[in-house]
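**Q** Quick one: the structure is below, and I'll ask about it shortly.
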Amino acid sequence: MLKKYSIDKMTSPEKKIRNKTRALKHLLKDEKIRELLVSLSEELSLEFTLADQKGSILWGKNVNLSDKSELIHKNIHFATLHSDKSSGKIIADLIISLVNKELEKKNIGNEVLGLYREINMIYDFSEKLSEIIEEKSIAEMALTEASQILDTTHGLFLLHNPETDSVDILSSFGKDPNREKNIQEQNHRLKDLIKKGTSSIVSKDIIQTNPALKYLQAMMYAPLKVKNKTLGMVILGHDQEKEYRAADLKLLTTIASQSAVAIESAHLYQKGLKEAKEREDAIKRIHNVSQKFVPTEFIKSLGKNRLTEVTLGDLTEKEVTVMFVDIREFTSISENLSPKDNFLFINAFNKRMGPIIRKNNGFIMQYLGDGFMALFPNGSQDALRASVEMHKSLEDYNKIRKQKDRAPVKVGIGMQNGNLIMGITGDVERLDAAIISDTVNTASRIEGLSKHFSTSILMTEKCLKNLSNPEEFVFRYLGPVQVIGKQKPIKLYECINGDQNSLFEHKSKTLKTFDEGMKLYFNREFAMAAVTFQKVFKQNKKDLTAKLFLNRAAHLITEEIDEDWKGVQSMTKK
């Protein structure tokens, strides 16, 4: 929980005098200042004494000197200089100037502290909001944080419901038994304020003339605004006389802005759930239809020429390379599409990718809605060539999509090489083509890890060793991972040939530096590894793989690691 604080720039006259006197005393303790005053008094042949407003002597001894100069700063008299000559005014002016500088330094320090607190508040609040996806909980947290940061006894978190065109209470605190009734009566006015989308401190006259605000003596509000859309407003008030200031309104506006973003994200999340259900239904229909067809290549692998020749129990064991392809950010691409348009989009994607798979001696075993699984009986060389060609094809496809103002399509690819059983399973009334192998599960995990490592093509060491012509491609070693369901770590390699030209050139150019970073990392030289990965990432901020290892190395600098640490990263998600 954030500590409660308030930056109060309005001080009483007594406090202002006390601050200026404190600044003067602080100056008089400075050896250089003291030497300056002594030198100046000797130069002017002047005896002087400094006394605070209460008459306590701060410098010198004799207050019965003939001349007197009041030390005044911003109309505040905080000390008096007594001297035996009128030239004492020179020293008085000097001291006033020095006190002014000292106070300016203090004010700057206070402003910096206040800014730090605001930044800390914004960061902590944002972190908490990022974990919430339900709008009522967001409202409750926003008011809780506001009550901890600002001096307030009442709070309202209001949201405009466009379906009913009404302003509803999401959360509130403070005494007001007629709150619901007041909100209903004030609905029209509140909608106007929300539509206006501005922050304001409400004047005392307005509060006193509005019966709905009879519990309050002070009030301010800020809009829940996201870009050019206002979702609602947050209102804070106090049942005692209080003067809210610009700094208070600024903090409330910040809380409201952060809350608005979280509310909008919650709306999008709920919308995404609904649309995901619609897409899932559409994809299920696609999948149900695709199950009626069995790839010709699969039939031939069983030694058959036609589907009608297969029987229940037919099987064969083969060493193949399994590839999983996933459309990245599928939700973002399809969120504005109808189920029919989603269907057309998926078909358009598959029509482009399918021929590339077949061209490289592979076949698509199963469509997965937002991706597919393909098999390459001749091994990794064909699979990797197909992977690179698919990425290049998408670059051309995205140029067309850009002309139509559509989001670009990106894919992630993961692959593994190994043995699997292909056969016909089911019962006498219902047959299905099936593959059974740990190789398939591992390939699926690798595709999932391509998101974690931010790679376009990710493969295992077994795939690398299976390549007939590895020099055709460029790789970066990413180390071992422990995936769910596997006893032994799997060594992973990134193939960079599928990246866009600028990113490929960057990774090729920094390949030796990246490899050196990996060596330092696995040699537990984390500080040097972080520096090395920083060099790579600094040259191209799109190299998120380098950023991942930079953050990982930086994290391990201060961590205690086991003596048998080998850099194996355990993955807790599939």
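**Q** Can you pull out the strands (runs of 3 or more DSSP E) entirely within the stretch 196-285 that have at least 3 residues that are among the β-branched types (V, I, T)? Spell out the reasoning first.
**A** Details: elements: 200-202, 218-226, 229-238.
Those strands (runs of 3 or more DSSP E) span 229-238.
**Q** Now for a separate question. Could you grab me the full set of residues in the stretch 314-361 that are without any contact (Cβ under 8 Å) to a residue 60 or more places away in the chain and assigned to a loop (DSSP other than H, G, I, E, B)?
**A** Step one: list which residues in the stretch 314-361 are without any contact (Cβ under 8 Å) to a residue 60 or more places away in the chain, which gives 330-331, 334, 336-338, 340-341, 344-345, 347-348, 350-361.
N336, L337, S338, N360, N361 - these are the residues of the stretch 314-361 that are without any contact (Cβ under 8 Å) to a residue 60 or more places away in the chain and assigned to a loop (DSSP other than H, G, I, E, B).
**Q** Quick check: is even one residue across the stretch 430-437 modelled with pLDDT of 90 or more, in a strand (DSSP E or B), among the charged types (D, E, K, R) and not assigned by TED's automatic domain parsing to the domain that holds K507? Spell out how you get there, then give the answer.
**A** Applying the first criterion (modelled with pLDDT of 90 or more) to the stretch 430-437 yields none.
Among the residues of the stretch 430-437, not one is modelled with pLDDT of 90 or more, in a strand (DSSP E or B), among the charged types (D, E, K, R) and not assigned by TED's automatic domain parsing to the domain that holds K507, which makes the answer no.
**Q** In addition: Residue check: is K399 of a type outside the set (S, T, N, Q), free of Cβ contacts under 8 Å to residues at least 40 places away in the same chain and over 27 Å from K507 (Cα atoms)?
**A** Values: of a type outside the set (S, T, N, Q): yes; free of Cβ contacts under 8 Å to residues at least 40 places away in the same chain: yes; over 27 Å from K507 (Cα atoms): no.
The answer is no for K399.
**Q** Would you be able to say whether some residue in the stretch 477-496 is surrounded by fewer than 16 Cβ atoms within 10 Å (Cβ to Cβ), farther than 22 Å from Q416 by Cβ and without any contact (Cβ under 8 Å) to a residue 12 or more places away in the chain?
**A** No.
**Q** Give the stretch 372-390 a look and list any residue that's outside any helix (DSSP H, G or I) and touching a residue at least 60 places away in the same chain (Cβ under 8 Å), or say none.
**A** M373, L375, P377, G379
**Q** If you take the residues in the stretch 148-195 that are outside any helix (DSSP H, G or I) and of a type in the set (D, E), which one is surrounded by the fewest Cβ atoms within 10 Å (Cβ to Cβ)?
**A** Only one residue fits best here, namely E163.
**Q** Kindly provide the set of residues from the stretch 234-271 that are in contact (Cβ under 8 Å) with a residue 60 or more places away in the chain, of a type in the set (A, V, I, L, M, F, W, C) and over 22 Å from S130 (Cβ atoms), ordered by number.
**A** Within the stretch 234-271, I235, L236, A247 qualify.
**Q** Mind telling me which of the residues D382, D405, D370 ends up being over 24 Å from S444 (Cβ atoms), in the same structural domain as F473 (by TED's automatic domain parsing) and of a type in the set (D, E, K, R)? Write out each step before concluding.
**A** Working: D382 fails: over 24 Å from S444 (Cβ atoms); D370 fails: over 24 Å from S444 (Cβ atoms).
Going through D382, D405, D370 in turn, just one is over 24 Å from S444 (Cβ atoms), in the same structural domain as F473 (by TED's automatic domain parsing) and of a type in the set (D, E, K, R): D405.
**Q** Since I133 meets every condition but one in (1) at pLDDT 75 or above; (2) within 23 Å of the chain's Cα centre (by Cα); (3) part of a helix (DSSP H, G or I), which condition does it not meet?
**A** Checking I133 against (1) at pLDDT 75 or above; (2) within 23 Å of the chain's Cα centre (by Cα); (3) part of a helix (DSSP H, G or I), the one that fails is (3).
**Q** Please tell me if D370 is modelled with pLDDT under 90 and surrounded by fewer than 15 Cβ atoms within 10 Å (Cβ to Cβ).
**A** no
**Q** Restricting to the stretch 445-469, name every residue that is in a helix (DSSP H, G or I) and within 14 Å of T321 (Cβ to Cβ). Before the answer, list the steps.
**A** Initially, the stretch 445-469 is screened for residues in a helix (DSSP H, G or I), giving 445-452, 461-466.
Scanning the stretch 445-469 gives I446, E447, E461, K462, C463, L464, K465, N466.
**Q** Across the stretch 509-530, what is the total count of residues that are touching a helix residue (DSSP H, G or I) at 6+ places or on another chain (Cβ under 7 Å) and farther than 25 Å from E563 by Cβ? Lay out the reasoning, then the answer.
**A** To start, the set of residues in the stretch 509-530 that are touching a helix residue (DSSP H, G or I) at 6+ places or on another chain (Cβ under 7 Å) comprises 510, 513-514, 516-517, 520-521, 526-530.
When the remaining residues are screened for being farther than 25 Å from E563 by Cβ, the result is 510, 513-514.
Summing the residues that are touching a helix residue (DSSP H, G or I) at 6+ places or on another chain (Cβ under 7 Å) and farther than 25 Å from E563 by Cβ in the stretch 509-530 gives 3.
**Q** Separate question: Taking the stretch 59-96 only, how many residues are of a type in the set (A, V, I, L, M), exposed (fewer than 15 other Cβ atoms within 10 Å of the Cβ) and without any contact (Cβ under 8 Å) to a residue 40 or more places away in the chain?
**A** Total meeting the criteria: 2.
The values are calculated or read from the model by the stated rules, or taken from the named source; none is laboratory data. Just so we're clear, the structure is a prediction, and the values are computed from it rather than from any experiment. Virtual Cβ from ideal backbone geometry, glycine too; neighbours counted across all protein chains shown.
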